[in-house]
1. So for the chain, what percent of the C-alpha to C-alpha distances run longer than 17 Å?
2. In Å², what does the accessible area per residue of region 54-113 work out to with a 1.4 Å probe?
3. Taking only the alpha carbons of region 38-91, what extent do you get along each of the three principal axes, in Å, biggest first?
4. Filter the DSSP H helices in the chain by two things, a Kyte-Doolittle mean of at least -1.0 and an axial alpha-carbon span of 24 angstrom or more, and list the hits by number.
5. Can you send over the carbon and sulfur percentage of the accessible area for region 42-121, probe radius 1.4 Å, protein chains only?
Amino acid sequence: MPVSVLATILGAGRALLGVALLVAPAPILRRWVGRADAPAVVLGRCLGGRDVALGAGVVVAVARGGDPSPWLAAGVVADTGDTVATLAAGDRIPTTGRIGTVALAASSALAGVALAVAARR
């Protein structure tokens, strides 16, 4: 499958997750951090906005025939931060949220690295 298609899928998936965090953060936050009070919702929506911007940046770059690598690299930084922060929280957050978030964020970071490198070739 072409790198541009894979990058678009990754970007669109990130943007959709961002929209979900903006529109209905509570179900995601309860699973991830074990709560959906006002401070958690604010942070969840902030992350949602970040992911919409990063995902849309990838999709728009590909659609315009440009290089999505800078957007992919920014996503790698964000996903790595999410992974580290979630692991650092340890058992203060639900196990299923910790495992799911680390799996999603780490795999997204690895995919972003691979796609950014491939897009530069």
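1. Details: 3955 of 7260 pairs.
Percent of Cα pairs beyond 17 Å in the chain: 54.
2. For region 54-113, the per-residue accessible area is 50 Å².
3. 44, 22, 10
4. Span-like helices in the chain: 3-23, 38-63, 69-89, 95-119.
5. Working: 3000 of 4280 Å².
Carbon and sulfur atoms account for 70 percent of the accessible area of region 42-121.
The values are calculated or read from the model by the stated rules, or taken from the named source; none is laboratory data. None of these values were measured; they are calculated from a predicted model. Surface accessibility is based on the protein's heavy atoms, side chains included, excluding ligands, DNA and RNA. Shrake-Rupley method; radii C 1.70, N 1.55, O 1.52, S 1.80 Å.
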